[in-house]
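The values are calculated or read from the model by the stated rules, or taken from the named source; none is laboratory data. The structure displayed is predicted, hence computed values, not measured ones. Counting neighbours? That spans all protein chains shown, and the Cβs are built from the backbone with ideal geometry, glycine included. Protein only, heavy atoms only, side chains kept; ligands, DNA and RNA dropped before computing areas. Shrake-Rupley method; radii C 1.70, N 1.55, O 1.52, S 1.80 Å.
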Amino acid sequence: MIEFHNVSKRYAGAAPALVDVSLAISSGELAFLAGPSGAGKSTLLKMIAAIERPSSGTVLLNGQDVGAIKQRGLPYLRRKLGLILQEQRLLMDRNVLANVMLPLMVAGAAPAEADRRARAALARVGLPDRAGSMPVSLSGGEQQRVAIARAIVHRPQVILADEPTANLDRDSADLVLGLLQDFNRAGVTCVISTHDEHFLQHASRVIYLSHGRASEGWQRRPVAEDA
Ligand code: ADP
Ligand code: ADP
């Protein structure tokens, strides 16, 4: 479903962020991205959403060349994706329900339908009573669950989550990851970056990044200089 073919990314004036990355993630898979800060995890996730584009190589989603999608095609791509990225914080000046409705409103859904589905999404993440709350009144873990509800409200095929459990205590982190696993079990492909060894130890698939290079299997333990 997601394929990287010899993908490299170099931001202007910086060392390469990704170097000749080739990998494939199948439909229905739950794949973790691991590696130290600066290794290229966010960049890899953003390439799948065409937020960043490869300097060379090809990223395919369902066989479509994501890096070649024109501006007007981006909404169609993004509709397939549920994004939980660092930059996309909740809007603090509106309530939880309005935050979760936003992707549907942007996509042109009728307000009553968006309202109904946003409430269903909040129920799915265990926050049915928080619709009217302002984000600032929620704990960090609750805010992240709202971000998950916002990411899945349009029923994406793929969830891309960048460090979704960063800064959460153990119980909140487990809850957040458990929710993502629930969606994965329901058929949603998930790619999740994390530093959390607790999750990585039990993961069925871990892609390690180090200085922009990807490895798996026997090579997967980070070497000391990267730790
Ligand atoms: P990670 O998510 O593993 O911390 P990133 O993908 O954020 O790694 O970063 C990979 C490398 O690319 C780092 O060296 C980082 O400084 C650099 N980088 C990331 N985004 C940008 C950007 N917008 N402009 C310049 N350099 C960037
Ligand atoms: P509805 O069908 O009314 O949207 P559901 O109770 O079936 O409500 O789903 C609850 C929420 O979970 C909805 O917001 C839905 O968009 C979201 N969701 C996202 N992906 C899935 C999935 N693969 N399976 C079920 N629900 C999903």
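Let me see the P(r) profile for the chain: every Cα-Cα distance counted, bins of 5 Å, each bin given as a percent of all pairs.
With a bin width of 5 Å, the distribution comes to 1, 7, 15, 18, 19, 16, 12, 7, 3, 1, 0.
How compact is the range 34-145 by the rule of thumb for globular proteins, expressed as Cα Rg over 2.2 N^0.38 Å?
Numbers: Rg = 16.4 Å, N = 112, 2.2 N^0.38 = 13.2 Å.
This ratio for the range 34-145 stands at 1.24.
Using a ≥ b ≥ c from the Cα gyration tensor of the range 87-139 (square roots of the eigenvalues), is it rounded, prolate or oblate, where a/c under 1.5 gives rounded and otherwise the larger of a/b and b/c decides, a/b for prolate?
Oblate.
ARG94 to SER139: extension gain in nm, 0.36 nm per residue of separation minus the Cα-Cα distance?
Difference between extended and current length: 14.6 nm.
Quick check: pseudo-label points 7 Å beyond the Cα along Cα→Cβ at ASN167 and ALA24, how many nm apart are they?
3.9 nm
Between rounded, prolate and oblate, where does the range 116-176 land on the alpha carbon gyration tensor, with a ≥ b ≥ c its root eigenvalues, rounded for a/c under 1.5, else prolate if a/b exceeds b/c?
Verdict is oblate for the range 116-176.
Of the listed peptides 93-102, 175-184, what is their order by residue-averaged count of other C-beta atoms within 10 Å, with the highest listed first?
Ranking, from highest mean packing down: 93-102, 175-184.
Enumerate the amide H contacts of LEU30 below 5 Å, restricted to partners 5 or more residues apart or on another chain; note that Pro and chain-start residues carry no placed amide H.
CYS190
How much area per residue is accessible in the range 152-192 when the probe is 1.4 Å and only protein heavy atoms are counted (Å²)?
On a per-residue basis, the range 152-192 sits at 41 Å².
Under 18 Å between alpha carbons: how many lysine pairs meet that in the range 1-101, if sequence neighbours fewer than 8 apart on the same chain are excluded?
Counting lysine pairs in the range 1-101 gives 5.
Give me the percent of accessible area attributable to carbon and sulfur for the range 93-227, probe 1.4 angstrom.
51 percent
Tell me which of VAL191, ALA24, MET1 sits at the most positive position along the dipole axis of the chain, charges placed on C-beta atoms (Lys, Arg +1; Asp, Glu -1).
MET1
Would you grab the residues whose amide H sits under 5 Å from the one on ALA107? Only those 5+ places off in sequence or on another chain, please, with H modelled 1.01 Å from N.
Counting only residues 5 or more places away or on other chains, the set is empty.
Apply the a/c threshold of 1.5 to the C-alpha gyration tensor of the range 1-98 and tell me whether it is rounded, prolate or oblate. Let's see the in-between values first.
Values: a/c = 1.58, a/b = 1.32, b/c = 1.20.
Because a/c hits 1.5 or more and a/b exceeds b/c, the range 1-98 counts as prolate.
Whole number in Å², please: accessible area per residue of the range 1-105, 1.4 Å probe, ligands, DNA and RNA not counted.
46 Å²
Would you mind computing, in nm to one decimal, how far apart the modelled labels at GLN64 and ASN6 are, each placed 7 Å from Cα along Cα→Cβ?
That separation, rounded to one decimal, is 2.5 nm.
If the only charges are +1 at each Lys and Arg Cβ and -1 at each Asp and Glu Cβ, what is the size of the charge dipole of the range 1-82 around the Cα centre, to the nearest 20 debye? If you can, show how the numbers build up before the last one.
Numbers: 10 positive and 5 negative charges, 83 e Å.
Around 400 debye, computed over the range 1-82.
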